[in-house]
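Trainee: I have a structure here, written as structure tokens, and I will follow up with some questions on it.
The values are calculated or read from the model by the stated rules, or taken from the named source; none is laboratory data. Since this is a predicted model, take the numbers as computed values, not measurements. Cβ placement follows ideal geometry from the backbone for every residue including glycine, while neighbour counts extend to all protein chains displayed.
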Amino acid sequence: KNTNVRISLPAVCFVWQLAMIILFGFFIRYNAESDVHWKQENKNISRSDIENDFYFRYPSFQDVHVMIFVGFGFLMTFLKRYSFGAVGFNLLIAAFGLQWALLMQGWFHSLDPMDGKIKIGVESMINADFCVASCLIAYGAVLGKVSPVQLMVMTLFGVTLYAVEEYIILNLIHARDAGGSMVIHTFGAYYGLSISWMLYRPNLDKRLNGSVYHSDVFAMIGTLFLWMFWPSFNSAISYHGDGQHRAAINTYLSLAATVLTTVAISSLSQKAGKLDMVHIQNSTLAGGVAVGTAAEFMLMPYGSLIVGFCCGIISTLGYIYLTPFMEKYLKIQDTCGIHNLHAMPGVIGGIVGAITAAAASEGVYGKEGLKTVFDFTGKWENMLPTQQGGHQAAGLCVALCFGIGGGILVGCVLRLPIWGDAPDDHCFDDELYWEVPEDEESIPPILEYDNHIRNQAG
Amino acid sequence: KNTNVRISLPAVCFVWQLAMIILFGFFIRYNAESDVHWKQENKNISRSDIENDFYFRYPSFQDVHVMIFVGFGFLMTFLKRYSFGAVGFNLLIAAFGLQWALLMQGWFHSLDPMDGKIKIGVESMINADFCVASCLIAYGAVLGKVSPVQLMVMTLFGVTLYAVEEYIILNLIHARDAGGSMVIHTFGAYYGLSISWMLYRPNLDKRLNGSVYHSDVFAMIGTLFLWMFWPSFNSAISYHGDGQHRAAINTYLSLAATVLTTVAISSLSQKAGKLDMVHIQNSTLAGGVAVGTAAEFMLMPYGSLIVGFCCGIISTLGYIYLTPFMEKYLKIQDTCGIHNLHAMPGVIGGIVGAITAAAASEGVYGKEGLKTVFDFTGKWENMLPTQQGGHQAAGLCVALCFGIGGGILVGCVLRLPIWGDAPDDHCFDDELYWEVPEDEESIPPILEYDNHIRNQAG
Amino acid sequence: KNTNVRISLPAVCFVWQLAMIILFGFFIRYNAESDVHWKQENKNISRSDIENDFYFRYPSFQDVHVMIFVGFGFLMTFLKRYSFGAVGFNLLIAAFGLQWALLMQGWFHSLDPMDGKIKIGVESMINADFCVASCLIAYGAVLGKVSPVQLMVMTLFGVTLYAVEEYIILNLIHARDAGGSMVIHTFGAYYGLSISWMLYRPNLDKRLNGSVYHSDVFAMIGTLFLWMFWPSFNSAISYHGDGQHRAAINTYLSLAATVLTTVAISSLSQKAGKLDMVHIQNSTLAGGVAVGTAAEFMLMPYGSLIVGFCCGIISTLGYIYLTPFMEKYLKIQDTCGIHNLHAMPGVIGGIVGAITAAAASEGVYGKEGLKTVFDFTGKWENMLPTQQGGHQAAGLCVALCFGIGGGILVGCVLRLPIWGDAPDDHCFDDELYWEVPEDEESIPPILEYDNHIRNQAG
């Protein structure tokens, strides 16, 4: 197989980036809160500068940003010889994806009817990062087996599909999904798994599909930044005040519970009770995924703990039993186990959201509270919580369909023999797309020799 | 010794997590600012959403969160073969500890007398993280020598003791301790040192008690995140406005001064003037510990520098002279040197706090200022700064007693032969509790061979 | 050469830190917003606590702080045997530099005429970090070739020069430079390059001037934290509200575009289309540098993309063609390639700023907007945007002159044979100034042996 991407990769990067510039020139402008006229307008109504949405959301945005680039990037560095690809391609596709997401989401959500322009602000940046997250989840399934050009194509279609399904779920169906259990995780995971299924490699060489000691420690950087900042992820676009506050608390608690059950199952699964780093790196995060939809609801602290408790168990069991099963019988090779970390917890999150919404009562929320949390305004004014539960379930189905359907279609495209992907016996190897430095082993002898001399001398 | 924890570890994780869910169900609810009714109430008194405590404290909370999980976790990865245990068990006990802390601290501090429930919000989360910090400090003393089950037990008792001593120091004695020099660091360090003393291993094998090049670089990740975010740690629960502002400035300055004196002493202590990574990784942080209590007082910028200056010297000298002394003569094996990083600077912090409080004058603080900073309200209305100084000193003593006494008691429990701890010749070794990947050295030959072929071909 | 710094390094650290304490004692006090009287004053005018500048800027400050210590520190860990020096000396000189910067910048900018004291707050801390950034950039040029004492001297003079040129550019010339393209990057880079030119080593041993696999991954930690937090860097000291908001958006977009063109050029430049980690680690950041000056202007989203697009190309081409050329013909050895990452993009940023300012119109900004953005107040009330463009260009020239001139002068000082710098054949080697642990290779055989036995037994 020809893995030379010297023409295709630069071409794709240049042309698509130029397209972005042109489209941004036509469509994208600052919104009212980032435009220079805001200050004046503020003075007129004697509003404080601190009420700019920037101060409500920017700290959360930066946390989300860290999750996207360091969190996802380093989580995937666990392979012994694919750390460059993990963290480097992650940066590449996220940087492209967020631009395309600003456009796609803008056309659907924030097109100003007055001048036909998309108005962006800090919330748009968070949403673009969210959209990119779904593509990075999908990358986890095909990690080490695709070329950077294929990843760019995957991202182009992934962002497009995301924007459409998000519009259907949030606007047409009117489901709520603050932390994106359905919109981001369920969609992204099934999108990636379907592509991986389409690109099945029966003779995949597993020699490099594993970790070394230090690559596992690098991966823990990713795990921890995802784990720590997940409360910001789930609360980033919740409504101001108690909405953001509550979403952060729920996520914080759910993740804590997940850690304990993950450790329990991981230890139970081994003869000597030893822990498996793969579980600690991944399953400890499942609680954050599963509490996404319901994070801003009155889930109650113990509710969050229960969600986290269950997800730690299910996700770890998934790594132990389901991943090998899927590879052997369903022909789905899932490098990072995104089925256990994103797909199953995402679906659980959607179900928890539906149940919690359906069970919402005026006793707990108050009349105004129901309106605020579930956005029962405009044409949804007379909606009941039980109905909302149904709409939530419908939203989950849409996410599933878009993920699986879109993944199969894009998988077809990616099977074309023009993308420069790796041969079966050179997967998981940075050598193909990176200038890799000579190995560490060739240096120490000289160094040690020097040390001896110096030690003797000094 | 039997180090199999396949029954005990899962049992402890499951049962304790279930207990948490039940206790949370009975006791824990959202506080007013994270409850859905806040929005409505806000409208009624036309208060801005931005005045939710969330926006005052959440950025600091996230910084503290990073210190707990990445800071403490990676600081302890310096051992050549205990990085999994360092970062993994750190995550485990912190995730458990914060739940238990929410309950314990809640019963003492935020039990609502109306309905008997604990009401939690962002400040509770910060306090829970603080409480966990004291247990992670204790972990530093016994790093590599205890089993994960022992760590869980240590954390259970540590959090309990912490909540009691915190209540005594802050509420009964009415000492102030914004950054927890006494409550967190002094207590946590002596708790850990006493446990380590109780678990003394005369025949400890030191073969793996050291670093390799890259493990030292990993540890610097921990050091830097602790160093950078310490201003947030010390200001996280200070009072709104100038309190948080001043605490951040004082800590920023103190830490800067510590770095220079640490480097100076480290260089002086070696024949060739070379620096020791252990000092840079640890002693550079001592200034943050020592400025904790007085951070929100009018310590003055030069005061902060003086505190940092002294602590860099004392902490580094501790590593050079005291740690070997304590191991040889006092039978205290202190893996991370927490005596130098937390115990001594913590005590200094308590003393600095007492002096600064006693020296506080209406000239500097103003009448209202004294009231705000030292909380001279309610039954403490007529308290004088000099009295407050005495109370601060009393608080320090309580922290010391709880640390030493509690550590000895818990040490007795941990000496029971049922916890699966490591034999003396296998300490500091991840092999005991983790599935460790095969070593890096077994791969490169194949890789290099491939490269040669490819290079010749391409 | 004698590289023993056992006298000089501790002496410099002690004496300078003592000097800082004395100068801080004489000069530095809390400003109004971090002083204890703020609370009372607040009550009097019924202003909310949240309007303390702390809440506007502290989250950005912490992000900048991470860039300085983890960002710059880890970016330079790419060398195979200089990671201790990279991250350790970075911490040392930044910790010293920020104290000296508070004084120098304070004397120029925030000396209170009433009492002759410098009043510091969160903005001073950000500015001190900014000032330090310019010295860390300069460190990049001489990485691995100078002693820690030389670095301290470099920082002392660097901060001093910075404070003067900053005062000239921002106050006397009245140029705007929110993200410091001119003041920080252009100055810092040419300062470092000139020093490197003065310290040219014709016989430099390149054996250790390269990376190994894991050191490249460590460097990516630095890259990513710089990349992610650059929006905070460029918006940290912009004016409240839309100013900060817009600066963040512009930087976010510019950096995204840079990634794509960097990847394109990097791939194009290699026979097999493989990517070079040096480019990904560095050139992807060029867009953040170049958008610094104009970040708070109405650059428009597509304008930011264009800036990023160009800088990715120019910076990567610089690494491929210019760095070798400069070393061979201009005798400038630039270890980190700061000419490509900071110097050229910095100059471009200055030019972009001049053009954007000159092109500013009342149609886009509004009358009030022009006043706010370009600070056309006081004696600059009648200034026109076109004039402002000229002033911007003048500011760029001043930064260049100070960088080159200052660097040559300081380079002369650093050529004195008293600083303990490395001999030509031991550059890029931590052995000289650090106690380096024995190599990893000496451990595994024992470990593996143990494993075999244990596996057979268990």
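Trainee: Got a sec? Which of A:CYS427, A:CYS412 is surrounded by 20 or more Cβ atoms within 10 Å (Cβ to Cβ) and in contact (Cβ under 8 Å) with a residue 60 or more places away in the chain?
Mentor: A:CYS427
Trainee: Every residue in segment C:403-437 that is more than 14 Å from chain B (Cβ to nearest Cβ), part of a loop (DSSP other than H, G, I, E, B), of a type outside the set (A, V, I, L, M) and farther than 30 Å from C:GLY346 by Cα, please.
Mentor: C:PRO417, C:PRO423
Trainee: Conditions: (1) more than 13 Å from every other protein chain (Cβ to nearest Cβ); (2) in contact (Cβ under 8 Å) with a residue 40 or more places away in the chain. C:PRO324 meets all but one. Number of the miss?
Mentor: (2)
Trainee: Pairs please, first residue from segment A:115-130 and within 18 Å of A:GLY292 (Cβ to Cβ), second anywhere and among the acidic types (Asp, Glu) and assigned to a helix (DSSP H, G or I), Cβ atoms under 9 Å, 6+ apart in sequence or on different chains.
Mentor: Short answer, once both residue conditions are applied: A:GLU123/A:ASP53; A:ASN127/A:GLU166; A:PHE130/A:GLU166.
Trainee: While we're on this one: Against the definition (touching a Gly at 6+ places or on another chain (Cβ under 7 Å) and modelled with pLDDT of 95 or more), how does A:THR186 come out, yes or no?
Mentor: Answer is yes for this residue.
Trainee: In segment B:89-138, which residue that is charged (D, E, K, R) and in a strand (DSSP E or B) is farthest from A:GLY312 (Cα to Cα)?
Mentor: Once the filter is applied, the top-ranked residue is B:ASP112.
Trainee: Checking B:ALA295 against (1) within 22 Å of C:PHE26 (Cα to Cα); (2) within 9 Å of chain C (Cβ to nearest Cβ), which single condition isn't satisfied?
Mentor: (2)
Trainee: Does C:GLU448 satisfy the condition of being modelled with pLDDT under 90 and among the charged types (D, E, K, R)?
Mentor: Against the criterion (modelled with pLDDT under 90 and among the charged types (D, E, K, R)), C:GLU448 qualifies.
Trainee: Find the helices (runs of 4 or more DSSP H) located wholly in segment C:190-288 whose residues include 2 or more that are within 11 Å of another protein chain (Cβ to nearest Cβ), over 26 Å from A:GLY420 (Cα atoms) and not hydrophobic (A, V, I, L, M, F, W, C), and list them.
Mentor: C:213-235, C:242-268
Trainee: In this structure, is C:PHE24 in a helix (DSSP H, G or I), more than 30 Å from C:LEU432 (Cα to Cα) and facing another protein chain (nearest Cβ under 8 Å)?
Mentor: Here the answer is yes, as C:PHE24 does meet what is asked.
Trainee: Any chance segment A:82-93 includes a residue that's β-branched (Val, Ile, Thr) and touching a residue at least 40 places away in the same chain (Cβ under 8 Å)?
Mentor: yes
Trainee: Among the candidates A:ILE351, A:ILE313, which residue alone is out of contact with any Gly (no Cβ under 8 Å at 6 or more places or on another chain), among the aliphatic types (A, V, I, L, M) and under 23 Å from A:HIS245 (Cα atoms)?
Mentor: So the residue among A:ILE351, A:ILE313 that is out of contact with any Gly (no Cβ under 8 Å at 6 or more places or on another chain), among the aliphatic types (A, V, I, L, M) and under 23 Å from A:HIS245 (Cα atoms) is A:ILE351.
Trainee: Still on this structure, please answer the following. Given the conditions (1) more than 21 Å from C:GLY403 (Cβ to Cβ); (2) buried (at least 24 other Cβ atoms within 10 Å of the Cβ); (3) under 21 Å from the mean Cα position of the chain (by Cα), which single one is not true for C:SER238?
Mentor: Status for C:SER238: all satisfied but (2).
Trainee: Only one of (1) within 26 Å of B:VAL142 (Cα to Cα); (2) out of contact with any Ser or Thr (no Cβ under 6 Å at 6 or more places or on another chain) is not met by B:LYS271, so which one is it?
Mentor: All conditions pass for B:LYS271, except number (1).
Trainee: Tell me, which helices (runs of 4 or more DSSP H) lie completely within segment C:27-82 with 2 or more residues that are modelled with pLDDT of 95 or more, at the interface with another protein chain (Cβ under 7 Å from one of its Cβ atoms) and surrounded by 23 or more Cβ atoms within 10 Å (Cβ to Cβ)?
Mentor: The helices (runs of 4 or more DSSP H) meeting that bar are C:53-66.
Trainee: For C:PHE14, state whether it is more than 18 Å from B:TYR252 (Cβ to Cβ), surrounded by fewer than 24 Cβ atoms within 10 Å (Cβ to Cβ) and in contact with a strand residue (DSSP E or B) (Cβ under 9 Å, 6 or more places away or on another chain).
Mentor: Judged against the criteria, C:PHE14 is not a match.
Trainee: Check A:ASP216, A:ASP177, A:ASP205 and return the single one that is farther than 21 Å from A:LEU396 by Cβ, crowded, with 22+ Cβ neighbours inside 10 Å and out of contact with any His (no Cβ under 7 Å at 6 or more places or on another chain).
Mentor: After applying the criteria, what remains is A:ASP216.
Trainee: Still on this structure, please answer the following. Do you know which of the residues in segment A:106-134 that are aliphatic (A, V, I, L, M) and farther than 30 Å from C:VAL278 by Cβ is farthest from the chain's Cα centre (by Cα)?
Mentor: A:MET114
Trainee: Considering each of A:GLY312, A:GLY303 in turn, give the residue that is surrounded by fewer than 24 Cβ atoms within 10 Å (Cβ to Cβ), small (Gly, Ala, Ser) and within 14 Å of chain B (Cβ to nearest Cβ).
Mentor: After applying the criteria, what remains is A:GLY303.
Trainee: Another question, then. Please determine whether any residue of segment C:143-153 is more than 13 Å from chain B (Cβ to nearest Cβ) and within 26 Å of C:TRP227 (Cα to Cα).
Mentor: yes
Trainee: I'm trying to understand the selection: among the residues of segment A:119-136, which are within 13 Å of chain C (Cβ to nearest Cβ) and of a type in the set (Ser, Thr, Tyr)?
Mentor: A:SER124 - this is the single residue of segment A:119-136 that is within 13 Å of chain C (Cβ to nearest Cβ) and of a type in the set (Ser, Thr, Tyr).
Trainee: When you look at B:GLY158, is it away from chain C (no Cβ under 14 Å), touching a helix residue (DSSP H, G or I) at 6+ places or on another chain (Cβ under 7 Å) and modelled with pLDDT under 95, yes or no?
Mentor: No, not satisfied.
Trainee: Moving to a separate point now. In segment B:349-364, which residue that is in contact (Cβ under 8 Å) with a residue 40 or more places away in the chain, assigned to a helix (DSSP H, G or I) and over 16 Å from the mean Cα position of the chain (by Cα) is nearest to B:ASP375 (Cα to Cα)?
Mentor: Within segment B:349-364, the match that is nearest to B:ASP375 (Cα to Cα) is B:ALA357.
Trainee: If C:LEU103 passes every condition in (1) within 15 Å of C:GLU166 (Cβ to Cβ); (2) under 14 Å from the mean Cα position of the chain (by Cα) but one, which one does it miss?
Mentor: Just one mismatch for C:LEU103, condition (2).
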